[in-house]
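Asks: To start, I am sharing the structure in question, which I have written as structure tokens.
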Amino acid sequence: MKLPDELQKILLSAKEVVALTGAGISAESGIPTFRGEDGLWSKLKPEELASFDAFLRNPQLVSEWYEHRRHITRLSKPNPAHMSLVDMEKIFPHFTVVTQNIDNLHRRAGSRNVAELHGNIERNYCLGCGMRYDGEDFEGNESFRCKKCGGLIRPDIVWFGEMLPADQWNMAEEAASSADVMFVIGTSAVVYPAAELPVTVKRSGGKVVEVNVEETPLSRYADYSFQGPASKVLVEIVEQIKETRKVAKGG
Ligand code: BV8
Ligand code: ZN
């Protein structure tokens, strides 16, 4: 797929670029999305699992669900879409990854400037005393109880109805309001306030480029929308950006 000339020009001069990613960027790493037909939510509803009162109502069920997802993420690895964003970090003067994902794959791919809006499944802490259990393997601690105080251990992620970490949200808002271009990759754009960020980009005069396998509520709002799997589309976009820069340098 060929980038339109106008977009190539914009990407040639872009200084501040942001990538907003959702579960779709990790789909090709074998991590199920939320709202697809085989998605995580197809069997169980988010409210039943991804909320604090669901956790208090049934800590064992919710903890086992996250432990199951931790195992899936640990067995998976970053795919060419994640690697393309590592390339972009080297190409653009200022590049930020803003992710809704908790699967830790952007960091494992090597992205350094990452805002994790919804936390990270590799981080956990005790509700009772705050003791950290980051990177913990809960083998042998199937009750997910704190060794120090016996309190419940919860994942350090953002559940529905919970506030996003202020520092991560501020970093994302900063990046969006000064972005020349925002790539919105593999998200159904239905979860707020993350879904607000492309609007911030447009309001501040930036361009929004969507990459998704299907239409989303964002598609008619985006300046450009490329349909296809993120790994394929992003690799092609990065190749063309590199090509345009080489030609521009007379290379
Ligand atoms: C808050 C962590 C309040 C947990 C997650 C009514 C209207 C508007 C808003 C609300 C409302 N009622 C409630 C709200 C607020 C609520 C919300 O937005 N609800 C939605 C569902 C309506 N938001 C919140 O509660 C947030 N907190 O608002 O605080 C507040 C305010 C003041 C004071 C106190 C409190 C917290 C939201 C965070 C929830 N936590 N995750 C966990 O992971 O278990 S959200 C969860 O959804 C994930 O983080 C996920 O990333 C996120 C978004 O989903 P997507 O990433 O988009 O994934 P999805 O499956 O939907 O889509 C995948 C896409 O990829 C698809 O488009 C598909 O086509 C595409 N795709 C698939 N394969 C590929 C691909 N694309 C490219 N290539 C491929 N190969
Ligand atoms: Zn404790």
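Asks: Among the listed pairs 77/242; 90/242; 77/147, give every one whose C-alpha distance is greater than 22 Å.
Replies: 77/242; 77/147
Asks: Based on C-alpha coordinates, I'd like the Rg and Dmax of segment 126-242, in Å.
Replies: Radius of gyration, then largest Cα-Cα span, for segment 126-242: 19.3, 55 Å.
Asks: What list do you get for 234, 164 if you sort them by fewest beta carbons within 10 Å?
Replies: 164, 234
Asks: Counting alpha carbon pairs within less than 8 Å and at least 6 residues apart, what relative contact order, in whole percent, applies to the chain?
Replies: 23
Asks: Kindly give Rg over Rh for segment 1-129, based on alpha-carbon atoms, with the Kirkwood expression for the hydrodynamic radius.
Replies: With Rh from the inverse mean 1/r over Cα pairs, Rg/Rh is 1.05.
Asks: Order these peptides, 203-213, 53-63, by their mean beta-carbon neighbour count within 10 angstrom, highest first.
Replies: Highest-to-lowest ranking by the protection proxy: 203-213, 53-63.
Asks: Hey, another quick one. Volume per residue, Å³, of the convex hull around the alpha-carbon atoms of the chain?
Replies: Hull volume over Cα atoms, normalised by residue count, gives 121 Å³.
Asks: How would you rank 166-177, 17-28, highest first, on the average number of other Cβ atoms within 10 Å across their residues?
Replies: Descending mean neighbour count gives 17-28, 166-177.
Asks: Dimensions of segment 105-164 along principal axes (Cα, Å, largest first)?
Replies: Sorted from largest, the Cα extents of segment 105-164 read 35, 27, 16 Å.
Asks: Using Cβ contacts closer than 10 Å as the measure, can you line up 68, 94, 118, 82 from fewest to most?
Replies: Placing the least packed residue first, the sequence is 68, 94, 118, 82.
Asks: Quote the charge dipole size of segment 98-178 about the Cα centre in Debye, to the nearest 20; the model charges only the Cβ of Lys and Arg (+1) and of Asp and Glu (-1).
Replies: 240
Asks: For the chain, give the share of DSSP beta bridges that are antiparallel, in percent and rounded to the nearest 5; count only bridges with both residues there.
Replies: Percent antiparallel among DSSP bridges in the chain is about 20.
Asks: With a 10 Å Cβ neighbour count serving as the proxy for reagent exposure, in which order, fewest first, do 133, 125 appear?
Replies: Going from least to most buried by this count: 125, 133.
Asks: Moving on to the next point. When only alpha-carbon atoms count, how far does segment 62-182 stretch along each of its three principal axes, as whole angstroms with the largest first?
Replies: 49, 29, 21
Asks: Can you give the relative contact order of segment 76-194 as a percent, counting alpha carbon pairs under 8 Å and 6+ residues apart?
Replies: 21
Asks: I want the local charge near residue 131. Using Cβ-Cβ distances under 9 Å, sum +1 for each Lys or Arg and -1 for each Asp or Glu among the other residues.
Replies: +3
Quick note: the coordinates plus some simple rules give every number you see, no bench work behind them. Small disclaimer: the values here were computed from a predicted structure and weren't measured. Because the Cβ atoms are built from the backbone with ideal geometry, glycine has one as well, and the counts that use them run over all protein chains shown.
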